[in-house]
Amino acid sequence: MNDFLLIFKNLFRKKLRAILMIVSILIAFAIFGVLAGFERAFNAGQDLAAADRLVTVNKINFTQPLPIAYYNRIQSIEGVADVTHANWFGGYYQDPKNFTVVLAIEPASYLKIFASEFEVAPDQADAFVRERTGALVGETLAAKWGWKVGDRIPIASSIFSQKNGSSTWDFTITGILKAAKPQIDTNFMLFQYAYFDETRSFGKDTIGWLILRTTSAALNDQVADRIDQMFANSSYETATDTEKAFNKAFVAQLGNIALIVLLVVGAAFVTILMIVGNTMVMSVRERTREIGVMKTLGFPGGRILRLVLGESILLALLGGLPGLGIAWLIAMAMRESLANFVPGIAITPEIAGAALLLMLALGLITGLVPALNAMRLKIADALGRS
Amino acid sequence: MADDALVRLSGLSKRFVKGQETITIFDRLDLAIPAGDFVAVMGPSGSGKTTLLNLLGGIDRADEGEIQIAGQRIDQLAESELARFRAAHVGFIFQFYNLMPMLTAAQNVELPLLLTKLGRQQRKSHVATALEVVNLGDRAKHYPREMSGGQQQRVAIARAIVSDPQLLLCDEPTGDLDRATADEILATLQTLNRELGKTIVMVTHDPAAAKFARRTLHLDKGRFVDAADLAA
Ligand SMILES: Nc1ncnc2c1ncn2[C@@H]1O[C@H](COP(=O)(O)OP(=O)(O)O)[C@@H](O)[C@H]1O
Ligand SMILES: [Mg+2]
């Protein structure tokens, strides 16, 4: 026997009670994990946005096009380091249900601007720049359909059609794009703007939006003003903002997820804290006599304190760790089905770490009062008078 | 006699404050118990028998006076030192056994050894020996609820002796047992006294139980009566 066994036996002296407490803690941590995973995914775009990246869109609405000529004109503006552009293709594979993020982009400049986010093998990047009908496929997307370099894949557009009437484009996969950080989503595909612009039946010489890097984040506001002034009073006025603000505005439409997480998790925790705390106090009080006996045997107050705290922490871990495991399973399951809407739902190490800290806090808080009571207990009182 | 006393109380006073009232349990009590003695303490309910054992065992504090056990002034020890003192020198046996319900007989007996530096194997052999002494070698894996009162009390005795203390303090150890079982327990205590040399102080209501002791002290109104020769 050792202290751990003693703690374990104490916890499970009333099995049903212990199991009910474990289950309620488990549910709380499952909720915490899933919501935190969601929150993380929703806000990942904002957090990952580079401070020195700006996005220029049509002032009317970001779904309205801009002339391709803006690409060269913005390049010449003072304070702009690099520019690239993108078009929303509205793609799907085989069936409109399989909606896929597909962007028509200018290969060299796009890969340069996003070099810190995505990794492509140099020979594959070269092949992509060279090959007119080439496509770079994100790792996640490639895995989803089992695509490999060299595969020819047909991708249809729900917006555009080709001059020959077909709404399906054929691409050759020239490379696989890997995320440079785990939070980055790679459930998308890139192909050459030149191929797109030449074959589509309408919208020639227009682009969706421009992404640019400033020479310094401190110049962001100046550069944004210069761009928007340059195109003021033209038929395509622009709105330029930081990528962060752009992503934020996009996410804002989905509601304040962080607040919801906080409220739901907070309410669940306070409830569980009270239930578990109260149950621990009761359970230790029922043992008053036994604690008196242990002290009589010579167990010092500090050791008794540790045994009770150990019990409440063990309880929190026995509920919390499987709860986190279940959250992970749920996140994995949702990752697939929600990949197109909230990409990158995951229980990250940060979330697991936060959950672990919460478990320890829960254990300490619920165990503290009964542990102190037990430590301070006077033996003669505990044993009573017979 | 004064020098070989294992237990020595001198000028011991103990009072309880209950609301406005102060109850004096002992007023300058003196007592000496030599090593190897087996003393029965009898007296009416409320006469302070349990309080006396608590003071001897260092689980309650006197208001005045000295308590010397095995040459050590335990009235001068701090709480943590007292805990260490109890673990090393005193074994307690209670009326209601006070075993841990979720532990087996062997685990209950092992409990005090968790306070020692003994390794797993050593603890195991100490536990086995203690259970043998009380004749419960075959019940090691049983839980208290699976045992009779007499068996539980024997587990409690094994727990009290497993760390080999000199002094055993028993508070009505047979108060909850039938005659035959009580006699078995008392015979066990007698054996511990005679063969292992344990010094035993046993509180009891039962004159038949007191006969197993070497001598009997009668406690009444905070004094030992008819026992002037025993007080040091
Ligand atoms: N912790 C306490 N607080 C107040 N009074 C107490 C306390 N412990 C014992 N007493 C009182 O001291 C007296 C002696 O108690 P006790 O030693 O238990 O007697 P006995 O064991 O001889 O029956 C009783 O009147 C009891 O009510
Ligand atoms: Mg009593």
**Request:** Examine the range B:139-146 for a residue that is away from ligand 2 (no atom under 16 Å from the Cβ), open to solvent by less than 20 Å² (accessible area, probe 1.4 Å) and of a type in the set (Lys, Arg), and state whether such a residue exists.
**Result:** no
**Complete:** Here the residues within the range B:86-114 that are on the phi < 0 side of the Ramachandran plot and part of a loop (DSSP other than H, G, I, E, B) are B:Phe94, B:Gln95, B:Phe96, B:Leu99, B:Met100, B:Pro101, B:Met102, B:Leu103, B:Thr104
**Item:** Given (1) more than 10 Å from ligand 2 (Cβ to nearest atom); (2) surrounded by 21 or more Cβ atoms within 10 Å (Cβ to Cβ), index of the condition B:Asn54 fails
**Value:** (1)
**Complete:** Inside the range B:171-186, the number of residues satisfying the requirement of being within 16 Å of ligand 1 (Cβ to nearest atom) and either over 16 Å from the mean Cα position of the chain (by Cα) or open to solvent by 70 Å² or more (accessible area, probe 1.4 Å) (or both) is 1
**Prompt:** In the range A:33-50, which residues are within 23 Å of A:Ala333 (Cβ to Cβ) and at pLDDT below 90?
**Reply:** A:Val34, A:Leu35, A:Ala36, A:Gly37, A:Phe38, A:Glu39, A:Arg40, A:Ala41, A:Phe42, A:Asn43, A:Ala44, A:Gly45
**Message:** With the structure loaded, tell me whether A:Ile326 is at pLDDT 95 or above, within 24 Å of A:Lys15 (Cα to Cα) and more than 14 Å from chain B (Cβ to nearest Cβ) or whether it fails that test.
**Reply:** yes
**Message:** Just to be sure I understand the filter: pairs with C-beta atoms under 6 Å, separated by 6 or more residues or on different chains, first member in the range A:336-363 and under 15 Å from A:Thr186 (Cβ atoms), second member modelled with pLDDT of 85 or more and not in a loop (DSSP other than H, G, I, E, B). Which pairs pass?
**Reply:** A:Asn340/A:Phe99; A:Ile345/A:Gly37; A:Ile345/A:Ala331; A:Ala346/A:Gly37; A:Ala346/A:Ala331
**Message:** Against the definition (at pLDDT 95 or above and open to solvent by 40 Å² or more (accessible area, probe 1.4 Å)), how does A:Leu317 come out, yes or no?
**Reply:** yes
**Asked** Of the residues in the range A:285-313, how many are closer than 12 Å to A:Leu6 by Cα and either among the polar types (S, T, N, Q) or away from chain B (no Cβ under 13 Å) (or both)?
**Response** 2
**Message:** For the range A:175-184, check the following and say yes or no: at least one residue is farther than 22 Å from A:Gly208 by Cβ, in contact with a strand residue (DSSP E or B) (Cβ under 7 Å, 6 or more places away or on another chain) and either open to solvent by less than 10 Å² (accessible area, probe 1.4 Å) or without any contact (Cβ under 8 Å) to a residue 60 or more places away in the chain (or both).
**Reply:** yes
**Message:** open to solvent by 10 Å² or more (accessible area, probe 1.4 Å), touching a helix residue (DSSP H, G or I) at 6+ places or on another chain (Cβ under 9 Å), more than 29 Å from A:Ala142 (Cβ to Cβ) and at pLDDT below 90: is that true of A:Leu273 in this structure?
**Reply:** yes
**Request:** For B:Ile74, indicate whether it is over 30 Å from B:Ala208 (Cβ atoms) and free of Cβ contacts under 8 Å to residues at least 12 places away in the same chain.
**Result:** no
**Prompt:** So which residues in the range B:36-50 are of a type outside the set (Gly, Ala, Ser), within 13 Å of ligand 2 (Cβ to nearest atom) and open to solvent by less than 20 Å² (accessible area, probe 1.4 Å), if there are any at all?
**Reply:** B:Val41, B:Lys49
**Complete:** Exception for A:Asn10 within (1) of a type outside the set (A, V, I, L, M, F, W, C); (2) open to solvent by 20 Å² or more (accessible area, probe 1.4 Å); (3) not assigned by TED's automatic domain parsing to the domain that holds A:Val223 falls at (2)
**Message:** What's the number of the only condition in (1) assigned to a strand (DSSP E or B); (2) near ligand 1 (Cβ under 9 Å from one of its atoms) that B:Leu12 fails to meet?
**Reply:** (2)
**Asked** Quick check, is B:Lys117 in a loop (DSSP other than H, G, I, E, B) and surrounded by fewer than 17 Cβ atoms within 10 Å (Cβ to Cβ)?
**Response** yes
**Prompt:** Of everything in the range B:18-28 that's surrounded by fewer than 23 Cβ atoms within 10 Å (Cβ to Cβ) and more than 14 Å from chain A (Cβ to nearest Cβ), which residue is nearest to ligand 2 (Cβ to nearest atom)?
**Reply:** B:Thr24
**Fill in**
A careful count of residues in the range B:59-90 that are away from ligand 2 (no atom under 16 Å from the Cβ) and within 9 Å of chain A (Cβ to nearest Cβ) gives 10
**Subset of the range A:105-119 [assigned to a strand (DSSP E or B) and not aliphatic (A, V, I, L, M)]** = A:Phe118, A:Glu119
**Selection status of A:Gly298, away from ligand 2 (no atom under 16 Å from the Cβ), closer than 30 Å to A:Lys144 by Cα, open to solvent by less than 30 Å² (accessible area, probe 1.4 Å) and not hydrophobic (A, V, I, L, M, F, W, C)** = no
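The values are calculated or read from the model by the stated rules, or taken from the named source; none is laboratory data. Everything numeric here is computed off the predicted structure, so don't read it as measured data. Cβ: placed from backbone, ideal geometry, glycine included. Neighbour counts: every protein chain shown. Only protein heavy atoms, including side chains, enter the accessible area calculation; ligands, DNA and RNA are left aside. Shrake-Rupley method; radii C 1.70, N 1.55, O 1.52, S 1.80 Å.
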